[in-house]
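Here is the structure we will look at.
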Amino acid sequence: MSAPTQTDAIVAPDSTGAPKTNPARVAVASLVGTTVEYYDFFIFGTAAALVFPHLFFPGSDPLTGTLLSFATLGVGFLARPLGGIVFGHFGDRIGRKKMLVITLLGMGLATVLMGLLPSYHTIGIAAPILLTLLRLVQGFMVGGEWGGATLMAVEHAPAGRRGFFGSFPQMGAPAGVGLATAAFLVAATLPDEQFLAWGWRVPFLLSAVLVVVGLAIRLAVSESPAFRAIEQDDKKEALPIAIAFRDHWKSILLIAGVYLSQGVLAYICMSYFVNYGSKQVGIPRVEALLGVLVASIVALILYPIFGALSDFFGRKTMYLIGAAAMLVSIIPAFLLINTGNSVLFAVGVTLIFGIAMSPASGVTGPLMSMVFPKEVRYSGASIGYTISQLAGSAFAPMIAAALFGATGSWWSVAIYLLVVAAISVIATYLLPRPMGRAEATLQRAEVH
C-alpha cells in the first residue's frame, strides 16, 4: 500500500462518507472571506467619518453632514436582517458554501462601485442616493456572510475544539478593520485636496483584489459535514426561517441581546472615535487611524487565544467575562481618549476593541451558532445576529454624535454605551446553558 499523500491528510471521509476538508483549512478560508467582507464594510465606516460629509453632503453644517454620513452607515444594517433571512433560508436548504461565494462576490462589486461613484458636486442628489443604494447591497450581503462563514468553521471543527476553530471567522472583523484602517492611513497621508479628490477611492477599488483572493480560497473547501448530514438524512426544512422563529424565538432574541454591546462598541471604536478624536479632542487624523489599527492587531492576536480557552472553560463563561469587561472599560477608555494624547487615544481604543471585547468576540461564532439545531442553524444564528446589528450597531455612531451634539458632554455617550453593555451582560447570563467546566463537558459531547 502506498503511503498517504498530503491530499489524503487534508481530505478524508467524514461520518457521511463524503470528503471532509481539514478544519484548519476551512478556518483559514473563513478568516480570509470574512476579512474581505469586513474590510469592505469597515472602509465605508472610516469614509463616513472622514470623507462623505464633504463629498456627498457638502451643503450641510458640519454636525448635520456628519449625522447624514453616519446615517448612510446605518442604512446598510437595514438590509442585514433581509440578507440573514434570504441567505439563511438557502444556506439551510442548498448549502453553506454556495451562499458564501454569492455574498463575497456581491459585497466586492458594491464596494468597487462605491470607489467609482461621482461626488455630489458632479451628479448632485444622485450621488448620496446611489451611495445609499450600494450601502444597502453591502448590508444585504453581509447579513448572509457571517452565519455561513461561522457555520463552515464550527461544523468542520471536531467537538471540543469548536471554540478555537470558530474564532477564525470572528478574526475577520479586526483583520478587516486593520486592513481598512491601514489603507486609509496611506491615503490620509496625501494632502487634503488629493485625499478628497481621489485618495479615498483607492481603498474601495483595492477590494477587487481581495475578493479574487478570498474567492479562490473559498472555492477550495468542501461543504459543511452538518449540511451533508442533513442531506443524507433527508431532514431539510421547507421553511427553516419559520421553524427557527416558531421553535427558537427566545434563543434568537437572547442572541440579539448577547451581541448588542459587541456590535455597538466595535462601530463606536472604528468610526465614531476616529471622528470624535480628530474633531473634538484635536488628535491628528492619521494618528487617530493608527490607534484603531493598533487595537485591531491586539484583537487579532487575542481572539483565537480566548476561543481556545473557551474549549476548556466554556463558551458562555468566556463570553460573560468579555461582556463584563466591555462594561467596565467604557469610562476609562473615554478618560484616556479625552487627554488629547495620541498614544493614550490608542490605549483607550485598544482597551475596548483590542482587550475587553476579545473574550466575547473569540467565542461569538460557536456560542451563537450551536444554540440552534443544524437544520435551522444558518437561519437562527443569522437572524439573531442581524437583529442585534440593526438594533445596536446600525446607528450607534449617529446616536453617539447626536448625543454629544445635543449635550456637549462625552458623559451622554458613555451612559448610552453603559446601558448597551449592561443589556449584553444580562442576556448572556440568561442564555440557557451551564457555565464553566460543566459547559466544557457538554461542548465535547456535541455532534454536528
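Being hydrophobic (A, V, I, L, M, F, W, C), farther than 27 Å from Pro240 by Cα, surrounded by 24 or more Cβ atoms within 10 Å (Cβ to Cβ) and out of contact with any Pro (no Cβ under 6 Å at 6 or more places or on another chain) narrows it down to one residue among Val419, Val349; which is it?
Selected residue: Val349, the only one of Val419, Val349 that is hydrophobic (A, V, I, L, M, F, W, C), farther than 27 Å from Pro240 by Cα, surrounded by 24 or more Cβ atoms within 10 Å (Cβ to Cβ) and out of contact with any Pro (no Cβ under 6 Å at 6 or more places or on another chain).
Considering only the range 261-271, I want to know if a residue exists there that is in contact with a Phe, Trp or Tyr (Cβ under 8 Å, 6 or more places away or on another chain), at pLDDT below 80, surrounded by 21 or more Cβ atoms within 10 Å (Cβ to Cβ) and under 30 Å from Ser329 (Cα atoms).
yes
Assess whether Met368 counts as being buried (at least 24 other Cβ atoms within 10 Å of the Cβ), under 28 Å from Phe227 (Cα atoms), in contact with a helix residue (DSSP H, G or I) (Cβ under 8 Å, 6 or more places away or on another chain) and of a type outside the set (Val, Ile, Thr).
Yes; evaluated as a whole, the condition is true for this residue.
Write out, first by first residue and then by second, each pair whose Cβ atoms fall under 9 Å of each other, whose residues are 6+ apart or on separate chains, and whose first residue, in the range 112-131, is of a type in the set (A, V, I, L, M, F, W, C) while the second is exposed (fewer than 12 other Cβ atoms within 10 Å of the Cβ).
Cβ pairs passing all conditions: Ala127/His121.
Within the range 324-366, take every residue that is among the hydrophobic types (A, V, I, L, M, F, W, C) and within 15 Å of the chain's Cα centre (by Cα) and give me the one that is farthest from Trp410 (Cα to Cα).
Looking at the filtered set, the residue picked out is Val363.
When the residues of the range 278-295 are filtered to those that are modelled with pLDDT of 85 or more and in contact with a helix residue (DSSP H, G or I) (Cβ under 6 Å, 6 or more places away or on another chain), which remaining residue is surrounded by the most Cβ atoms within 10 Å (Cβ to Cβ)?
Taking the candidates together, the pick is Val292.
If you take the residues of the range 114-130 that are modelled with pLDDT of 85 or more and within 24 Å of Thr386 (Cα to Cα), which of them is farthest from the chain's Cα centre (by Cα)?
Ranking the qualifying residues of the range 114-130, first place goes to Leu130.
Scanning the range 158-174 for residues that are among the aliphatic types (A, V, I, L, M) and buried (at least 24 other Cβ atoms within 10 Å of the Cβ), which turns out modelled with the lowest pLDDT?
Ranking the qualifying residues of the range 158-174, first place goes to Ala173.
Would you confirm whether or not the range 52-75 contains a residue that is in a loop (DSSP other than H, G, I, E, B), at pLDDT 75 or above and of a type in the set (Phe, Trp, Tyr)?
So far as the range 52-75 goes, yes, one or more of its residues are in a loop (DSSP other than H, G, I, E, B), at pLDDT 75 or above and of a type in the set (Phe, Trp, Tyr).
Tell me which of these Leu431 doesn't satisfy, since it passes every other one: (1) crowded, with 18+ Cβ neighbours inside 10 Å; (2) closer than 25 Å to Thr46 by Cβ.
It is condition (2) that Leu431 fails.
Within the range 321-437, which helices (runs of 4 or more DSSP H) (wholly inside it) include 3 or more residues that are in contact (Cβ under 8 Å) with a residue 40 or more places away in the chain and closer than 24 Å to Pro158 by Cβ?
358-361, 364-369, 377-388
Answer yes or no: is there a residue in the range 100-113 that is surrounded by fewer than 18 Cβ atoms within 10 Å (Cβ to Cβ) and outside any helix (DSSP H, G or I).
no
The values are calculated or read from the model by the stated rules, or taken from the named source; none is laboratory data. As the structure is a computational prediction, the values presented were derived from the model and not from experiment. So basically every Cβ, Gly included, is an ideal-geometry build from the backbone, and we count neighbours across all protein chains shown.
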